Amino acid sequence: MKKRINQDDLLKYLYNEVTLQQKKEIEEALASDPALEEQFFDFLDMKKQLDGFANQNEPSKKSIEKILKFSKSYGKDTMKN
């Protein structure tokens, strides 16, 4: 009996967290089940959007410099006493 492929399986496949055997089973299921394939491509689109969002929202160099400057000065007043 073949294992039924679920959302967890698709996400693990998407992030390359499956064994070779699992990969084969998932790919066979995707090839034979249009609804499952559609769900996989929905997940793939979401992953691409999230990856793009993460790359776009890196702090600016100016922000990093301010944080580093603050962290270097933090606690200096209390250490003098």
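Throughout, read-outs are computed from the coordinates displayed, never taken from laboratory work. A quick note: this is a predicted structure, and the numbers were derived from the prediction, not measured. Glycine also receives a Cβ, built like all others from the backbone with ideal geometry; neighbour counts cover every protein chain displayed.
Between the stretch 3-32 and the stretch 40-57, the alpha-carbon centres lie 19 Å apart. Between the helical axis of 20-32 and the longest alpha-carbon principal axis of the chain there is an angle of about 60 degrees. Counting only DSSP H runs of at least 4 residues, each contributing -39500 (n - 2.57), and dividing by the residue count of the chain, the helix-based mean residue ellipticity at 222 nm comes to -24000 deg cm²/dmol. Against the main long axis of the alpha-carbon atoms of the chain, helix 34-56 sits at an angle near 10°.
Taking every pair of distinct Cα atoms and averaging 1/r, then inverting, what Kirkwood hydrodynamic radius in Å comes out for the stretch 7-80?
Details: mean 1/r = 0.0627 Å⁻¹.
Mean inverse Cα-Cα distance, inverted, gives 16.0 Å.
Can you figure out the FRET efficiency of Lys72 with Leu50, using R₀ = 25 Å and their beta-carbon distance, to the nearest 0.05? Between Lys72 and Leu50 the formula returns 0.15.
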